[in-house]
1. Take the residues in region 20-59 that are at pLDDT 85 or above, among the hydroxyl-bearing types (Ser, Thr, Tyr) and not in a helix (DSSP H, G or I); name whichever of them is surrounded by the most Cβ atoms within 10 Å (Cβ to Cβ).
2. Tell me, yes or no, whether region 167-180 has at least one residue that is touching a strand residue (DSSP E or B) at 6+ places or on another chain (Cβ under 9 Å), hydroxyl-bearing (Ser, Thr, Tyr) and either touching a residue at least 12 places away in the same chain (Cβ under 8 Å) or loosely packed, with under 11 Cβ neighbours inside 10 Å (or both).
3. Name the residue that is nearest to the chain's Cα centre (by Cα), counting only residues in region 150-165 that are part of a helix (DSSP H, G or I) and surrounded by 15 or more Cβ atoms within 10 Å (Cβ to Cβ).
4. Could you check how many residues of region 198-221 are assigned to a loop (DSSP other than H, G, I, E, B) and among the aromatic types (Phe, Trp, Tyr)?
5. Looking only at residues that are without any contact (Cβ under 8 Å) to a residue 24 or more places away in the chain and not in a helix (DSSP H, G or I) in region 184-197, which one is nearest to the chain's Cα centre (by Cα)?
Amino acid sequence: MKKDLNVRPYRPTFVYELSDGDMDRRYESCHALLDTFSNAISRSKVLFSEECAIYRSARDRNVVFWSKENPYFTQELEHNPPHVMIWTGMTSDYLIGPYFFNGPVNAASYLAMLETWLIPQLRDRGLLDDVWLQHDGAPAHFALSVHDVLNEHFPGCWIGHGSPTSPAPLPWPSHSPDLTTSDNLLWGIIKGRVAARRYNNNKDLRRAVEDAFCTVTPKML
């Protein structure tokens, strides 16, 4: 294939579809962010955050077959296979997490994470009054109860998907997970380390995730 036909296999990259309106909102949001955080010191105060599911066994779809005949290969995928759902936040100076959810991420579990874990973490580090919390437009993030907590503890200092009754100080454009540092870099590093082996239980998987987070150095941040 390579020598005689001068071709090679290419694997597709799956990204969110963006409409013209999405592109405009991204452009406007990026300008607003650059205006608000105009220098390196101010940019270091943005805590980019994201949730991610990591599975016990790799669900790798980046597979191609080079064959003269169709191999008719089929692999069954377990519905909702064992995994851990985690949250992390990162700036150019520090990494917070991972936080492991006990079940799905919804308004109640996300609110509990903020109130019982993240806010105390930031307070203990002396960062609560000196950080901008960014999160995306996941349904759990724009519940009114979540907005109330954000407005109380991050007054005027959060970035997200607001609502007419509770607008975000800085709006985050819809369908834009790839604009965060965790999505475009961190999860690839963590999953690359964790996917090296299979795990018998979620306890072992959690330990592997924690070990992978320990490999993220200040220079990498």
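1. To start, the set of residues in region 20-59 that are at pLDDT 85 or above comprises 20-55.
Now drop any that are not among the hydroxyl-bearing types (Ser, Thr, Tyr), which leaves 27, 29, 36, 38, 42, 44, 49, 55.
Those left that are additionally not in a helix (DSSP H, G or I): 38, 44, 49, 55.
On the way: Ser38: 10, Ser44: 16, Ser49: 23, Tyr55: 17.
For region 20-59, the residue satisfying everything is Ser49.
2. Yes; the residues of region 167-180 include at least one that is touching a strand residue (DSSP E or B) at 6+ places or on another chain (Cβ under 9 Å), hydroxyl-bearing (Ser, Thr, Tyr) and either touching a residue at least 12 places away in the same chain (Cβ under 8 Å) or loosely packed, with under 11 Cβ neighbours inside 10 Å (or both).
3. Pass one, region 150-165, residues part of a helix (DSSP H, G or I): 150-153.
Remaining after also requiring surrounded by 15 or more Cβ atoms within 10 Å (Cβ to Cβ): 150-151, 153.
On the way: Leu150: 19, Asn151: 22, His153: 22 Å.
That would be Leu150.
4. Applying the first criterion (assigned to a loop (DSSP other than H, G, I, E, B)) to region 198-221 yields 198-201, 214-221.
Next, only the ones that are among the aromatic types (Phe, Trp, Tyr) stay: 199.
Within region 198-221, residues that are assigned to a loop (DSSP other than H, G, I, E, B) and among the aromatic types (Phe, Trp, Tyr) number 1.
5. The first filter runs over region 184-197 and keeps only residues without any contact (Cβ under 8 Å) to a residue 24 or more places away in the chain, leaving 184-185, 188, 192-193, 196-197.
Now restrict to residues that are not in a helix (DSSP H, G or I): 196-197.
Working: Ala196: 21, Arg197: 22 Å.
Among residues in region 184-197 that are without any contact (Cβ under 8 Å) to a residue 24 or more places away in the chain and not in a helix (DSSP H, G or I), the one nearest to the chain's Cα centre (by Cα) is Ala196.
Conditions tested, residue by residue: (1) more than 14 Å from the chain's Cα centre (by Cα); (2) hydrophobic (A, V, I, L, M, F, W, C); (3) closer than 22 Å to Ser92 by Cα.
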{"position": "Pro120", "(1), (2), (3)": "yes, no, yes"}
{"position": "Leu127", "(1), (2), (3)": "yes, yes, yes"}
{"position": "Ala143", "(1), (2), (3)": "yes, yes, no"}
{"position": "Asp148", "(1), (2), (3)": "yes, no, no"}
{"position": "Pro167", "(1), (2), (3)": "yes, no, no"}
{"position": "Ser182", "(1), (2), (3)": "no, no, yes"}
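The values are calculated or read from the model by the stated rules, or taken from the named source; none is laboratory data. Given the structure is predicted, the values throughout are model-derived calculations rather than measurements. Note: ideal-geometry Cβ built from the backbone for every residue, glycine included; neighbour counts use all protein chains shown.
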